[in-house]
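See structure below.
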Amino acid sequence: MNEIFHRLGASLYIPAANKDLILIAKQEKYAKLKSMIFCTEDSIIEEELPIGLNNINKALSLIEENNNLKFIRVRNPQVLEYLIKQKNIEKIQGFVLPKITNSNINDYFCILNKVEKPFYIMPTLETKETFCNEAMRSLRKIFLDSKFKSRILAIRIGGNDLLNILDLKRPKNHTIYETPIGNTISNLISIFKPFGFNLTAPVFEYLDNNEILKAEVKRDLINGLFSKSSIHPCQIDIIENLYKVEKSDIEMAQSIVLNKEKKAVFKMNETMCEVSTHYNWAKSIIERSKIHGINNEI
């Protein structure tokens, strides 16, 4: 699953009612896009939902097999129920589930039980419950006990929704880690990551402050978050260039995994490399480098 997780890259969110959705889905626009998420939720108003669903159906009927990943962010369980019945729905890789709580996750699981294709799912944490560690541990238990555990490609963190709950908007010149939800993100990492769940990074909604975007992506990676969704194509290269692996890191990672000298601890690039404690990091670095390449700049 880590291979497809790293293939997400900077997923582009596309409102389902967007007039160019079909061109993007067919790779006639933004051809290098690694993954896309057709959004039927917050990015469109209720009145646009029929247009958006029709757009998605048209796109699914026209696209051929291609290399990028396609997901649909559903608006609610009813929209998921509608979509899984559509003729070409098997052409997508999975669904993003919004505003997931202990009380609504099984509504989605019950619907997904009806389909044969093992769609990937990405639950999004963006409600008041997200601030409660006890509630998140309870949700983790549901995920772990469910047959869908192996299908949870990643858990998404809805940064803007969480800030909205606090009556806040992200300040333009600061990363999200400098806001009150910085601690919440840390809590989610410690609750879900040790149990095998990947987590994605919140979006950055400003299009004219690339330095803060870069700083935030670096902080994402330090915190073990990957696949920062982009809200505009201009963000994709900025984000994905930072996903390239440093040459020194890939050298260390390969040495740790291969461990040809059969040493428990060794020095490389003036760094202590300990096989037993750095092995998981090394595997992740190698997987990331296969998708995003190596930064050869000195």
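For this structure, a couple of remarks:
- Residue in the stretch 126-145 that is of a type outside the set (Val, Ile, Thr), closer than 22 Å to Ile4 by Cβ and at pLDDT below 95 present: no
- Residue that is surrounded by the fewest Cβ atoms within 10 Å (Cβ to Cβ) [pool: residues in the stretch 206-236 that are under 18 Å from Glu178 (Cβ atoms) and touching a Leu at 6+ places or on another chain (Cβ under 8 Å)]: Lys218
- Residues that are farther than 27 Å from Val217 by Cα, hydrophobic (A, V, I, L, M, F, W, C) and either surrounded by 15 or more Cβ atoms within 10 Å (Cβ to Cβ) or in contact with a strand residue (DSSP E or B) (Cβ under 8 Å, 6 or more places away or on another chain) (or both) within the stretch 245-274 comprise Ala264, Val265, Phe266, listed in sequence order.
- Under the condition of being assigned to a helix (DSSP H, G or I) and among the hydroxyl-bearing types (Ser, Thr, Tyr), the residues counted in the stretch 25-78 number 1.
- So Ile239, is it within 18 Å of the chain's Cα centre (by Cα) and either under 15 Å from Ala282 (Cα atoms) or buried (at least 17 other Cβ atoms within 10 Å of the Cβ) (or both): yes
- Of all residue pairs spaced 6 or more apart or on separate chains, those with beta-carbon atoms under 6 Å, a first member in the stretch 279-298 that is in a loop (DSSP other than H, G, I, E, B) and a second member that is modelled with pLDDT of 95 or more are Gly293/Lys244.
- Considering the stretch 118-167, and only residues there that are among the acidic types (Asp, Glu) and in contact with a strand residue (DSSP E or B) (Cβ under 9 Å, 6 or more places away or on another chain), the residue that is surrounded by the most Cβ atoms within 10 Å (Cβ to Cβ) turns out to be Glu126.
- Test: Ser229 is within 22 Å of Lys34 (Cα to Cα), at pLDDT 90 or above, touching a helix residue (DSSP H, G or I) at 6+ places or on another chain (Cβ under 8 Å) and polar (S, T, N, Q): no
- Residue in the stretch 96-104 that is surrounded by 15 or more Cβ atoms within 10 Å (Cβ to Cβ), modelled with pLDDT under 95 and β-branched (Val, Ile, Thr) present: no
- Selected residue (only one of Glu129, Glu81, Glu116 is assigned by TED's automatic domain parsing to the domain that holds Asn209, in a loop (DSSP other than H, G, I, E, B) and either more than 26 Å from Ile56 (Cα to Cα) or not hydrophobic (A, V, I, L, M, F, W, C) (or both)): Glu116
- Taking first residues from the stretch 239-259 that are modelled with pLDDT of 95 or more and in a helix (DSSP H, G or I) and partners that are crowded, with 19+ Cβ neighbours inside 10 Å and charged (D, E, K, R), the Cβ contacts under 7 Å between residues at least 6 apart in sequence or on separate chains come to Ile239/Lys228.
- Contacts under 8 angstrom Cβ, first residue in the stretch 177-195 being surrounded by 15 or more Cβ atoms within 10 Å (Cβ to Cβ), partner among the basic types (Lys, Arg), 6 or more apart: Tyr177/Arg219; Thr179/Arg170; Ile191/Arg137; Ile191/Arg140; Phe192/Arg140
- Condition met for Ala16 (in contact (Cβ under 8 Å) with a residue 24 or more places away in the chain, buried (at least 22 other Cβ atoms within 10 Å of the Cβ), over 30 Å from Glu287 (Cβ atoms) and touching a helix residue (DSSP H, G or I) at 6+ places or on another chain (Cβ under 7 Å)): yes
The values are calculated or read from the model by the stated rules, or taken from the named source; none is laboratory data. Every value quoted in this text rests on a predicted model; they were computed, and no experiment measured them. Ideal geometry is used to build each Cβ from the backbone, glycine not excepted, and the neighbour counts take in all protein chains shown.
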